[in-house]
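Taken together, the values in this text are just the output of simple stated rules run on the coordinates, not laboratory data. Quick caveat: nothing in here was measured; it's all calculated off a predicted structure. Note: ideal-geometry Cβ built from the backbone for every residue, glycine included; neighbour counts use all protein chains shown.
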Amino acid sequence: MNILTFDIEEWYIEKAFRGGRASKYKQFDEAFNRVIDLLAEHGIRATFFCVGQLAVEFPDIVKRVVAEGHEVGCHSNVHTWVDKMDEKGFRNDTLNALKALEDVSGKKVNSYRAPAFSITPNNKWAVEVLAECGIENDASIFPTCRDFGGYKGFPQDTPCIIEHNGLSLKEYPVCLTTVLGKAVAFSGGGYFRILPYWKVSRTIKNRDYNIFYFHLADLITEKRTMMSKTEYEEYFMEPGTIKNRVMRYIKSNVGKGDAFVRLKMLLNESRFVCIQEADSMVCWDSVKTIIL
Ligand SMILES: [Zn+2]
């Protein structure tokens with residue numbers, strides 16, 4: 001089973017942090033349209049994890065996702081990482097996002113992905129909060145080390161039930177491969193852009209479960225500029241040191257250029273489904289329950 005997901009926040013972030021430049025909106029519109037057309041061409045339904053405020057400020061994007069038959073998932077309300085919030089703040093953020101997305105989409109939203117895979121061993125309460133908010137499927141666990149977020153020590157990279165304080169979610173963790181003896185991701189972000197395509201292609205074929213994740217920014221050729229100290233601190237809510245800013249700059253630009261071509265190759269080679277469809281393909285009675 002191969003799952004295809006997109007995390008969508010670009011228009012909202014541009015408006016909230018960068019002044020809403022028309023040239024940027026145009027880039028996002030073009031990338032979004034290319035993705036939507038490509039999926040239609042292949043008859044593929046994907047999950048689009050959208051930030052709640054996208055539904056408020058740019059409702060046509062969310063409506064288009066629905067009109068094209070895709071699943072709308074929740075990607076937080078304003079793209080604040082879970083590890084920057086306390087339990088109460090996270091609950092409010094999730095409820096606000098769900099209300100906005102459900103109002104605009106007219107559908108129940110029950111799949112979630114945290115910005116930057118920021119559900120970690122330090123905020124296990126997030127599982128409880130999401131379950132209480134009506135989320136059933138989660139795709140926020142990145143089961144290895146990562147510069148931001150990541151759940152180091154998570155025991156598997158295939159679907160499972162995660163449980164905390166008696167409440168549970170169906171989990172679709174990021175899938176991993178091995179490079180030079182180290183477990184690394186291969187199916188999204190910088191990993192997808194930098195690994196040789198043959199490695200990605202071969203890995204998919206050798207596994208029963210794969211989940212791919214893209215931001216529109218991954219599929220835009222133009223490189224991002226380095227953030228100013230103030231911009232970085234406002235956006236990431238952590239010190240905008242030279243090291244942090246350079247790391248982020250490299251991460252967001254590495255391998256940029258042909259990710260959309262690679263995505264096209266991927267869809268030519270393998271069949272993909274959204275999380276809603278995947279849900280009925282997993283035998284949930286026989287997967288492991290992982291108590292966090
Ligand atoms: Zn995101």
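Values for this structure:
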{"item": "Gly134 being surrounded by 23 or more Cβ atoms within 10 Å (Cβ to Cβ) and either outside any helix (DSSP H, G or I) or of a type in the set (S, T, N, Q) (or both)", "result": "no"}
{"item": "Number of positions in the stretch 1-27 that are crowded, with 22+ Cβ neighbours inside 10 Å and not in a strand (DSSP E or B)", "result": "4"}
{"item": "Every residue from the stretch 98-114 that is in contact with a Gly (Cβ under 8 Å, 6 or more places away or on another chain) and not hydrophobic (A, V, I, L, M, F, W, C)", "result": "Lys99, Lys108, Asn110, Ser111, Tyr112, Arg113"}
{"item": "For Phe48: the one exception among (1) outside any helix (DSSP H, G or I); (2) out of contact with any Cys (no Cβ under 9 Å at 6 or more places or on another chain)", "result": "(2)"}
{"item": "Residues of the stretch 65-102 classified as over 10 Å from Gly52 (Cα atoms), touching a helix residue (DSSP H, G or I) at 6+ places or on another chain (Cβ under 7 Å) and in a helix (DSSP H, G or I), total", "result": "6"}
